[in-house]
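Colleague: Quick one: the structure is below, and I'll ask about it shortly.
The values are calculated or read from the model by the stated rules, or taken from the named source; none is laboratory data. Keep in mind that what you see is a predicted model, and the values were worked out from it rather than measured. Backbone-built Cβ (ideal geometry, glycine too); neighbour counts: all protein chains shown. Side chains included, ligands, DNA and RNA excluded: accessible areas come from the protein's heavy atoms. Shrake-Rupley method; radii C 1.70, N 1.55, O 1.52, S 1.80 Å.
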Amino acid sequence: MAISRADVRHVARLARLGLADDELDRLAAELNHILEAMDALRRLDTSAIPPTAQVIPLRNVMREDESRPSWPREDILRNAPASRDEQLLVPAVLE
């Protein structure tokens with residue numbers, strides 16, 4: 001099935017796109033090229049390939065949840081612009 005200039009013009013009108021004549025020709029050629037590629041894929045024998053939902057293997061990339069020492073609280077609070085009762089003070093965000 002080939003895409004004609006009239007098909008491209010019709011779809012462009014539905015999408016409210018104003019296309020020049022050279023754009024109509026270029027898009028028709030590009031869409032035909034895409035359809036040819038899809039047709040080549042359609043002709044492939046995929047009967048031996050099981051259907052999959054994921055094409056690449058999945059693996060968990062999260063690390064184990066292990067406790068470890070953190071920075072001393074005093075060092076962190078010393079670098080904070082404001083603190084009170086060993087807590088960081090931040091401006092209120094109210095919307």
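Colleague: Keeping the other protein chains in place, figure out the carbon and sulfur percent of the accessible area of the chain, with a 1.4 Å probe.
Modeller: Values: 5390 of 9550 Å².
Roughly 56 percent, rounded to a whole number.
Colleague: Under the rule of at least 5 residues apart or a separate chain, name every residue whose amide H is placed under 5 Å from the amide H of Ile3.
Modeller: Asn32
Colleague: Could you give each residue of the stretch 81-95 its phi-based ³J(HN,Hα) in whole Hz, using Karplus coefficients 6.51, -1.76, 1.60 with θ = phi - 60°, and x for Gly or Pro?
Modeller: x, 8, 8, 7, 6, 6, 9, 6, 9, 10, x, 5, 10, 10, 10
Colleague: Compute, for the chain, the length of the dipole vector about the Cα centre, with Cβ point charges of +1 (Lys, Arg) and -1 (Asp, Glu) only. Units Debye, rounded to 20.
Modeller: For the chain, the charge dipole is close to 160 debye.
Colleague: Would you kindly derive the ³J(HN,Hα) couplings of the stretch 63-76 from the backbone phi angles with the Karplus curve 6.51 cos²θ - 1.76 cosθ + 1.60 (θ = phi - 60°), listing them in order in whole Hz, with x for Gly and Pro?
Modeller: 7, 5, 8, 10, 6, 8, x, 10, 5, x, 4, 4, 5, 5
Colleague: Which ³J(HN,Hα) values, rounded to whole Hz and listed in residue order, are derived for the stretch 25-36 from phi using the Karplus coefficients 6.51, -1.76 and 1.60 in 6.51 cos²θ - 1.76 cosθ + 1.60 with θ = phi - 60°, glycine and proline given as x?
Modeller: 3J(HN,Hα) across the stretch 25-36, in whole Hz: 5, 5, 5, 4, 5, 5, 5, 5, 5, 5, 5, 5.
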